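J.: Next up is a structure, given as structure tokens.
The values are calculated or read from the model by the stated rules, or taken from the named source; none is laboratory data. Bear in mind that the values here come from a model prediction, so they are computed numbers and not experimental data. No Cβ is skipped: glycine too gets one built from the backbone with ideal geometry, and neighbour counts run over all protein chains shown. Side chains are part of the model used for accessible areas, which takes the heavy atoms of the whole protein and leaves out ligands, DNA and RNA. Shrake-Rupley method; radii C 1.70, N 1.55, O 1.52, S 1.80 Å.
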Amino acid sequence: MTFAELVDRVASKGPFQFLHTVLLGLPILSLANHNLLQTFTAATPAHHCRPPPNASAGPWALPTGLNEKPEPCLRFVYPRNASLPNDTQGATEPCLDGWTYDVSTRDSIVTEWDLVCNSNKLKEMAQSIFMAGILIGGLVLGDLSDRFGRKPILTCSYLLLAASGSGAAFSPTLPIYTVFRFLCGCGISGITLSTTILSVEWVSTRMRAIKSISLGYFYTSGQFILPGLAYAIPQWRWLQLTVSIPFFAFSLLSWWLPESIRWMILSGRSSKALKTFRQVAAFNGKKEEGEKLSLEEIKLNLQKEITLAKAKHSIADLFRTPILRRVTVCLSLAWFSTGFAYYSLAMGVEEFGVNLYVLQLIFGGVDVPAKFITMVSISYLGRHTTEAIALLLAGGCILSLIFVPSDLLTLRTVLAVFGKGCLSSSFSCLFLYTSELYPTVIRQTGMGINNLWTRVGSMTAPLVKITGELKPFIPNLIFGTIALLGGSAALFLPETLNQPLPETAEDLENWSLQAKEPKQEPEAENASQRIPLQPCELGLGPN
């Protein structure tokens, strides 16, 4: 009996699973608020130069640009006075006395700290620092969760996000704000890592896909909540505080979550693991089954994992054989391009000229069919085909935006929404595909490295947007090209549909060699010796 079958027999069905999903899902519901928060707290309203103090001495017109709108970053040096020569009247200068903003809808960090014109790079820098926090948090908190357990790190991550998010709401300056946002990113990474592990601990193998999809839809639902909150709370500080305070309550609720059984066994806490197992069994109405369970039986079913855990593996093992090198390089490019292009669209909502709140709802809504279509596609077309198509279509959509005129807002919005849905599909596929390609002994290492690449991509995306100051089409050219490269790299990955999970690097090498051999009809005498391949379990979704 495998450990998953043991869980299925003793404690995987009942009210505990529903409560467990809700306790893990509610914070995920609010996590989307923080990931996409700067869409609203850093919105850039219409603005133009503030006239100089002596502007009352005469009429002070502003230079106009496209659509006869005032230039946002220039003003005339002198009042529009007929007594001056024409060439003098047309002289312009930067906004030396600040800006006037249209804050009829909402304020933001842009209006408070004048992050416009030459300072608009600081807005993108703040988002990159937030993404850097997610990257660093994954490296630090992932290691700490292996040492001290998933549950205490999850609780601390809730508190970190609550405290740093609240601190950002009261930040007096932009540098302090970016520091708190960096810490928010660290907290988000800790929550994601611990939730990923704990979510599949108490369900059987065949139920993991259902639970992962359920948690994924919690995140999708959170994308519908954020526009409503932003519309009701137009002050960025109060909005920042509102989405942060609930995590103090989540830190208290997390005490009802049990620790990872596997972690307790592997870290020598076997007695506590048995006690937890029996408590969950009793909660599900299987107290007798729980009482029959012995410590020796748990250890026996985890014997293989205990043995593998004793072996030392490093990042170098990801490149030890040709097949592992190919898998690592291709997956790294696919993960990087997905995170890189995804956040270029998710954080660029205001660029499409459509109502910010409505467009964010549409961007969130496209994830609902995208996740469903992905699950169907990977089950029938396969992981290899699904991942390649998703990234190639996303890259094509982003590149198409270069050739669509800025006044065709509807078409630009459709392309952006479709591209975002394709990238969401890519995320959903990659989490499963990566877990199936890497052998058990280095699976966690492989997942960690590839998650690192997607964080690097999301951290780099806001900086690439700055290149739009040189030529407006450059960011989309870079984002689209990288997405196409990621889709092309996915074409070189082996298919894993209906293939067994490799336990060691040798298993992956042997399986790869067998896949290259031409299929032949088995001889009659050997037909009875064939072992049917079992379908792989689905892993957690990306959101």
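J.: Please give the net charge around Thr467, taking every other residue with its beta carbon less than 13 angstrom from that of Thr467, where Lys and Arg add +1 and Asp and Glu add -1.
T.: Numbers: positive: Lys121, Lys465, Lys471; negative: Glu124, Glu469.
Net of charged neighbours comes to +1.
J.: To the nearest 10 square angstrom, what accessible area does Glu259 show with a 1.4 Å probe?
T.: Rounded to the nearest 10, that gives 20 Å².
J.: Now a separate question. Would you mind counting up the charge near Glu112? Only other residues with Cβ under 14 Å from its Cβ, with Lys and Arg at +1 and Asp and Glu at -1.
T.: That sum, taken over residues with Cβ under 14 Å, equals +1.
J.: I'd like the accessible area for Thr410: 1.4 Å probe, protein heavy atoms, all chains in place, Å² to the nearest 10.
T.: Counting only protein heavy atoms, Thr410 exposes about 110 Å² to solvent.
J.: Can you give me the solvent accessible area of Cys117 with a 1.4 Å probe, rounded to the nearest 10 Å²?
T.: 30
J.: A further question follows. Distance cut-off 28 Å, Cα to Cα: go down the list Lys211/Lys299; Lys121/Lys420; Lys272/Lys371; Lys275/Lys371; Lys123/Lys471 and report the pairs above it.
T.: Distance filter (> 28 Å) returns Lys272/Lys371; Lys275/Lys371.
J.: Oh, and also: When the solvent-accessible surface of protein heavy atoms is calculated with a 1.4 angstrom probe, in what order do Val376, Val110, Val366 fall, highest first?
T.: So the residues, ranked largest to smallest area, are Val376, Val366, Val110.
J.: Separate question: Using the charge dipole of segment 313-513 (Lys, Arg: +1 at Cβ; Asp, Glu: -1 at Cβ; taken about the Cα centre), state which of Ser337, Leu493, Val327 has its Cα farthest towards the positive end.
T.: Value computed over the given set: Ser337.
J.: Something else about it: May I ask you to rank Phe170, Phe218 by accessible area, largest first, using a 1.4 Å probe over the protein chains only? Before the final figure, lay out each step's value.
T.: On the way: Phe170 150, Phe218 50 Å².
Output order, biggest surface exposure first: Phe170, Phe218.
J.: Go through Arg150, Arg75 and list them by solvent-accessible area, largest first, probe radius 1.4 Å.
T.: On the way: Arg150 35, Arg75 5 Å².
Ranking Arg150, Arg75 by accessible area, largest first, yields Arg150, Arg75.
J.: How much net charge surrounds Met131 when only other residues with a Cβ under 14 Å from its Cβ are counted (Lys, Arg +1; Asp, Glu -1)?
T.: The answer is +3.
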